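Everything below concerns the one structure shown next.
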Amino acid sequence: MSPEDKELLAGKYKESENLMNSLIKDKPIKIKCGTLDLYGRILAHIYVLGQDGEEIHVNQRMIDSKLVFEYSGKTKFSID
């Protein structure tokens, strides 16, 4: 991986971290546990209450931001 690609990824990681913090930091969260993955890890959905009282699905908000992607465990993705 080139130094430029490493720098780009570092920026995306920070951007993703900042979004996650803005969604959940200092807020009560609700965790809905789902199934287990191939390796026995718990797959969960994270929710917070928005200012309007509506539940925000944190997982989907992160996916919608294009900073993370849903992964089914079947295909490796390249980072463009």
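Mind telling me which of the residues 56, 29, 42 ends up being β-branched (Val, Ile, Thr) and surrounded by fewer than 11 Cβ atoms within 10 Å (Cβ to Cβ)? None of the other options fit; the residue is 42. Residue pairs whose Cβ atoms lie under 7 Å apart, sitting 6 or more positions apart in sequence or on different chains, and linking a residue in region 40-68 that is under 27 Å from residue 11 (Cα atoms) to a partner that is at pLDDT below 90 and open to solvent by less than 80 Å² (accessible area, probe 1.4 Å), are 43/34; 43/37; 44/34; 45/34; 56/50; 62/68.
The values are calculated or read from the model by the stated rules, or taken from the named source; none is laboratory data. Computed from a prediction, not measured in an experiment: that's the story for all the values here. So basically every Cβ, Gly included, is an ideal-geometry build from the backbone, and we count neighbours across all protein chains shown. Ligands, DNA and RNA are stripped out before the accessible areas are found, and what is left, the full protein with its side chains, is counted by its heavy atoms. Shrake-Rupley method; radii C 1.70, N 1.55, O 1.52, S 1.80 Å.
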